[in-house]
Amino acid sequence: MMDLAQKKCQSCEGGIPPLTKPEAEKLLAQVDDAWQINDAATEIVRTFEFKGFYKTMAFVNAVAWIANKELHHPDLQVSYNRCVITFTTHAIEGLSENDFICARKVDQLMS
């Protein structure tokens with residue numbers, strides 16, 4: 001099985017079904033344990049905490065770089081020492097492999 005971090009997001013303009021909860025949970029096992037899937041299996045969320053605003057913003061900028069490179073953009077909630085990232089695939093109103101690819105790449109920022 002190829003590591004999600006080695007994959008590239010595929011364009012998703014809709015027309016495909018979102019992942020089922022079992023499919024999403026299988027991919028969730030391939031990202032850091034801190035990622036949580038919501039009850040409806042339509043998004044994954046992780047909270048990152050930092051020591052100060054500068055480190056938080058450096059992280060946010062790195063996430064933005066990944067998102068732009070993958071053409072798959074998360075929702076970010078940013079405060080002084082915290083960033084909450086939510087991935088979902090809006091075009092299909094649920095989760096796709098793209099969400100987990102990006103989550104795995106974000107995980108690598110912390111290693």
Selection within the range 96-111 - under 17 Å from A41 (Cα atoms) and open to solvent by 30 Å² or more (accessible area, probe 1.4 Å): E97
So K51, is it part of a loop (DSSP other than H, G, I, E, B), among the basic types (K, R) and either in contact with a helix residue (DSSP H, G or I) (Cβ under 8 Å, 6 or more places away or on another chain) or in contact (Cβ under 8 Å) with a residue 24 or more places away in the chain (or both): yes
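Listed here are the residues, each with its yes/no results for (1) touching a Phe, Trp or Tyr at 6+ places or on another chain (Cβ under 8 Å); (2) in contact (Cβ under 8 Å) with a residue 24 or more places away in the chain; (3) open to solvent by 60 Å² or more (accessible area, probe 1.4 Å).
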position: W35; (1), (2), (3): no, yes, no
position: P74; (1), (2), (3): yes, yes, no
position: R82; (1), (2), (3): yes, yes, yes
position: G94; (1), (2), (3): no, yes, no
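Do we have N68 as among the polar types (S, T, N, Q), assigned to a helix (DSSP H, G or I) and within 10 Å of the chain's Cα centre (by Cα) here? Outline the logic, then answer.
Working: among the polar types (S, T, N, Q): yes; assigned to a helix (DSSP H, G or I): yes; within 10 Å of the chain's Cα centre (by Cα): no.
Answer is no for this residue.
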Answer residue from the range 12-31, given it is part of a loop (DSSP other than H, G, I, E, B) and among the small types (G, A, S) and is farthest from H73 (Cα to Cα) among those: A29
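Conditions tested, residue by residue: (1) under 16 Å from Q10 (Cβ atoms); (2) hydrophobic (A, V, I, L, M, F, W, C); (3) in contact with a Ser or Thr (Cβ under 8 Å, 6 or more places away or on another chain).
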| residue | (1), (2), (3) |
| --- | --- |
| L28 | no, yes, no |
| W35 | no, yes, no |
| V45 | no, yes, yes |
| E49 | no, no, no |
| H72 | yes, no, yes |
| T89 | yes, no, yes |
| I92 | yes, yes, no |
| C102 | yes, yes, no |
Which listed residue is within 16 Å of the chain's Cα centre (by Cα) and assigned to a helix (DSSP H, G or I), from A41, A34, A62: A62
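The values are calculated or read from the model by the stated rules, or taken from the named source; none is laboratory data. These numbers come from a predicted model, not from an experiment. Cβ: placed from backbone, ideal geometry, glycine included. Neighbour counts: every protein chain shown. Heads up: the accessible areas ignore ligands, DNA and RNA and are worked out on the full protein's heavy atoms, side chains in. Shrake-Rupley method; radii C 1.70, N 1.55, O 1.52, S 1.80 Å.
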